[in-house]
Amino acid sequence: MARLLPLLPSLLLLLLLLLLLALDQSLVVHSDFYKDVDFVWGYQNSAIWNNGESLALMLNNVSGCGIVTKNEYLFGSIEVQIKLVKGNSAGTVTAYYLSSVGEKHDEIDFEFLGNETGQPYTIHTNIFIQGVGNREEQFYPWFDPSADLHNYTIHWNPTQVVWYVDGIPIRVFRNYESHGIPFPNKQAMRAYSSIWNADEWATRGGLVKIDWSSAPFVAYYQYLQLRACPWFGPGSSKHCSQGTPANWWTLPEYSTLSYEEQGQINWVRENYMIYDYCKDSERFSGALPPECSLPKY
Ligand SMILES: *[C@@H]1O[C@H](CO)[C@@H](O)[C@H](O)[C@H]1NC(C)=O
Ligand SMILES: *[C@@H]1O[C@H](CO)[C@@H](O)[C@H](O)[C@H]1NC(C)=O
Ligand SMILES: *[C@@H]1O[C@H](CO)[C@@H](O)[C@H](O)[C@H]1NC(C)=O
């Protein structure tokens, strides 16, 4: 015992640290598919198990299915791990996005466009602000997204929106309101996910249709984490936007990419990017959207 005494202060410090970690919101908010989401459609094509930790969404020749979070949020981090449909997923789309409601809605999208066996998925991203989208960027994943669960996270705060894949930023949309470019900071959004038949357009522009003999098509989800500011009406706007320590998403470190993240995003965009609306001047008849002439990140 006497020999342990000198260690006591460090042991106490360790205990205190563990306690603080346990209290840290950002580490313990563990969401649950029973308690935090509702089904929008196709309930019969889903399954939840593992005490609400795991979810499967299925598409068959009768229906797809979709979920939505019970709460609306304004800013924060929306995280989930997804294992996409295996094998021949051509014509299927698994979507994972944030959206508000109404004609002038805001929306931040991840969509996974399926493909024939052995051909790469496409990670399709977009952002709508006050009803206007047309800001698509597409990537090939640098791994097989149907082999394992991977972390897909959207960070959304007053200065930027960042799309992360396994902690690697692939896309940023910065707040350039000072340049007259709208930013999604006024409408609360819910998180959605769904799987459906999109064979009109999804795979090689609609050339490859769903092969129903490969059905059912199943996407698996785990580890939903909604570390975001819940919205209880317009009164929440100020509360969620305020730069307070409790609003961790407003901390300076989340307002721009770190030096390391800039290296990562450059690597992704140089090697895996397949479409950038800001390079498609033909589509915009030479008049690219104004944010295209400003630094992306
Ligand atoms: C849907 O799939 C089931 C199971 O493979 C099959 O028995 C049924 O005939 C199919 N229905 C339609 C409308 O294709
Ligand atoms: C998933 O990625 C986000 C964004 O980088 C990160 O904050 C989070 O900690 C990651 N989750 C896990 C379980 O690694
Ligand atoms: C599917 O694979 C083809 C051939 O490799 C590729 O051109 C296409 O971009 C892939 N993704 C989709 C969604 O069509």
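Using the alpha-carbon centroid of each, what span in Å lies between region 253-297 and region 219-250? Between the Cα centre of region 253-297 and that of region 219-250, the gap is 26 Å. Angle between the Cα long axis of helix 8-23 and the longest principal axis of the chain, 0 to 90 degrees, nearest 10? Here the helix axis deviates by roughly 40 degrees. Cα-based radius of gyration for region 201-273, normalised by 2.2 N^0.38 Å, reads 1.82.
Relative to the longest principal axis of the Cα atoms of the chain, the long axis of helix 259-271 makes an angle of roughly 20 degrees.
Under a 5 Å amide H cut-off, with hydrogens placed 1.01 Å from N, Val37 pairs with Lys70 among residues at least 5 apart or on other chains. Over region 221-261, the alpha carbon radius of gyration divided by the compact-protein estimate 2.2 N^0.38 Å works out to 1.45.
Neighbour counts of other Cβ atoms within 10 Å put Asp32, Asp38 in the fewest-to-most order Asp38, Asp32. Compactness of region 148-206, taken as the C-alpha radius of gyration over 2.2 N^0.38 Å, stands at 1.47.
Pick from Cys278, Cys65, Cys229: which is most flexible by mean-square fluctuation in a GNM of the chain where alpha carbon atoms under 10 Å apart are linked? Answer for the Gaussian network model of the chain: Cys278. Between Glu136 and Lys238, the FRET efficiency estimated from the beta carbon spacing at R0 = 22 angstrom works out to 0.10. Shape annotation for region 116-184: C-alpha extents along the principal axes are 45, 23, 15 Å, from largest to smallest.
The mean of 1/r over all pairs of different alpha-carbon atoms in the chain, once inverted, gives a Kirkwood hydrodynamic radius of 20.6 Å. Residue-wise HN-Hα couplings along region 226-241, as the Karplus relation 6.51 cos²θ - 1.76 cosθ + 1.60 with θ = phi - 60° gives them from phi, are 9, 8, 9, 8, x, 9, 10, x, x, x, 6, 4, 5, 4, 6, 8 Hz; Gly and Pro carry x.
Taking other Cβ atoms within 10 Å as a rough exposure proxy, Lys83, Lys296, Lys35 sort from fewest to most as Lys35, Lys296, Lys83. Applying 1/(1 + (r/R0)^6) with R0 = 25 Å to the Cβ-Cβ distance of Trp49 and Ala246 gives a FRET efficiency near 0.15. Rounded to the nearest whole Hz, the Karplus-based 3J(HN,Hα) values (6.51 cos²θ - 1.76 cosθ + 1.60, θ = phi - 60°) of region 94-109 follow the sequence 10, 10, 8, 7, 10, 7, 9, 10, x, 5, 9, 7, 9, 7, 10, 10, with x at glycine and proline. Per-residue Karplus couplings for region 68-83, computed as 6.51 cos²θ - 1.76 cosθ + 1.60 with θ equal to phi - 60°, are listed in order as 9, 6, 5, 8, 9, 9, 10, 6, x, 10, 10, 10, 7, 9, 10, 10 Hz, Gly and Pro entered as x.
Obtain the nm distance between the two label points defined at Phe39 and Ser213 by a simple spin-label model: each point lies 7 Å from its Cα along the Cα-to-C-beta direction. With each label point 7 Å from Cα toward Cβ, the separation is 3.0 nm.
For the chain, the number of Lys pairs with C-alpha atoms closer than 15 Å, counting only pairs eight or more positions apart or on separate chains, is 4.
Taking amide H as placed 1.01 Å from N in the peptide plane, His105 has its amide H under 5 Å from the amide H of Gly131, each at least 5 places away in sequence or on another chain.
Result for the chain in a Gaussian network model with C-alpha springs under 10 Å: among Pro158, Pro252, Pro141, the largest mean-square fluctuation is at Pro252.
Where a number appears in this text, it was derived from the coordinates with a stated rule and is not lab data. These numbers were taken from a predicted model, which means no experiment stands behind them. Here Cβ is always computed from backbone atoms with ideal geometry, including for glycine, and neighbour counts include all displayed protein chains.
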